[in-house]
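Only the coordinates and a few stated rules stand behind these numbers; no lab work does. Everything quoted here is computed from the prediction, not taken from an experiment. Virtual Cβ from ideal backbone geometry, glycine too; neighbours counted across all protein chains shown.
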Amino acid sequence: MSSWFGWLFILFLVYLAVVVVRGIIQFASWAREEFFPGDRDFRRWEGQPEGRLSETVPDVLLPPGNRRKKPHHHSYKRRILVAAAQITLAHWLGALTEFMRRLVSGKRYDYWVGAALGEEDPAKKVKYLSKALALEPGYAPAWGLKGDALFSLQRHDEAIGCFDKVLDLDPDAATWYWKGLCCFHLGRMEQAVECFNKTLAARTDRKLHDDAERYKKQAQAQVLTRTAPAADPMPRAS
């Protein structure tokens, strides 16, 4: 995911450089035509009477005393070009600022989910998935992944909270199994049996079914041990 953002950022910089270079070329072309006469203008001036030369020669080639006031359309043209350049620059600077803001601090929830999937450390997975769920709390797979990571860290109470979220949004047999396993490790055998029964009642693969059946029997055995009446004490010998 990070490499994808890196290539996108490079393409954006290349595009911005092309726009800037084109703008500089256009500005240079306009400045040359505006302030420096070309060969066509010199050819047009050839053969003109001396008295009319000042009427056609640009002011930059005339003595300071003979320069004429430029027509108004030149100032309007210049104002339009300056305004257009300012608007274009402001637009691209704003777009670049917004892009960098999103790249650095405004990552989408799927970015954090992808970062968690590529991470081996369960603690970092929990951190990334927490960021994803803060942006998209209704994304059930992220709750399931966070519950799995918390289970790996033996934070079973927190993992049950995540699995409950999944069961509220999109219940399935595997989530009931993992919740039952958390209850089993916490010593909540009655709740574990209920969860394993939910798993066994749903259509699931053979391995998950066998694992749920095995843990259910162990939980039931412990429940029976706890609820079995105490044996009568041995009578004392007289």
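So here's what we get for this one:
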| read-out | value |
| --- | --- |
| Extension gain, T225 back to E120 (0.36 nm per residue minus Cα-Cα distance, nm) | 33.9 nm |
| Relative contact order of segment 109-227, defined on C-alpha pairs under 8 angstrom at six or more residues apart (%) | 17 |
| Ranked by how many other beta carbons lie within 10 Å on average, peptides 140-149, 110-119 from highest | 140-149, 110-119 |
| Coil-residue trypsin sites (Lys or Arg not before Pro) of segment 174-213, DSSP, other Cβ within 10 Å capped at 15 | R203 |
